[in-house]
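Comments concern the structure below.
The values are calculated or read from the model by the stated rules, or taken from the named source; none is laboratory data. No experiment lies behind these values; they were computed from the predicted model shown. Here the Cβ positions follow ideal geometry from the backbone for every residue, glycine too, while neighbour counts run over all protein chains shown. Surface areas here come from the heavy atoms of the whole protein model, side chains and all, with no ligands, DNA or RNA. Shrake-Rupley method; radii C 1.70, N 1.55, O 1.52, S 1.80 Å.
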Amino acid sequence: MLKRIFLCLLVACLLAIPVQVEASSIANLGFVETEVTLLPDGKAIVTYTVRYNLVPGRSMLAFGMSGFGRLGPVFDEEYAWVITAIISPMVST
């Protein structure tokens, strides 16, 4: 029980470390969601969802995440992806 409390406090401290998400003038940050899944072996899976709203007529080639400090995150490239969609306004008749 004490180990779980310590683990929860550790994860809370790690989430308190600011992670800087940088965007350029071609996009506005829509939202950022973070999900933490605690594993029985004491590790955690942290999932980030980031939405950028592009300025009309512009395109975005990439984005970067920084500010991890001394942490050494492992990125699961098999489950990392970018969803791009062009959403056109609904036309009423």
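Ranking Glu77, Glu35 by solvent-accessible area of protein heavy atoms (1.4 Å probe, all protein chains present), from largest to smallest, gives Glu77, Glu35. The solvent-accessible area of Tyr52, taken with every protein chain present and a 1.4 Å probe, is close to 40 Å².
For the listed peptides 41-49, 54-62, a ranking on the average number of other beta carbons within 10 Å per residue, highest first, reads 41-49, 54-62. Between Phe75 and Arg4, the FRET efficiency from the beta-carbon distance, with R0 = 30 Å, is close to 0.70.
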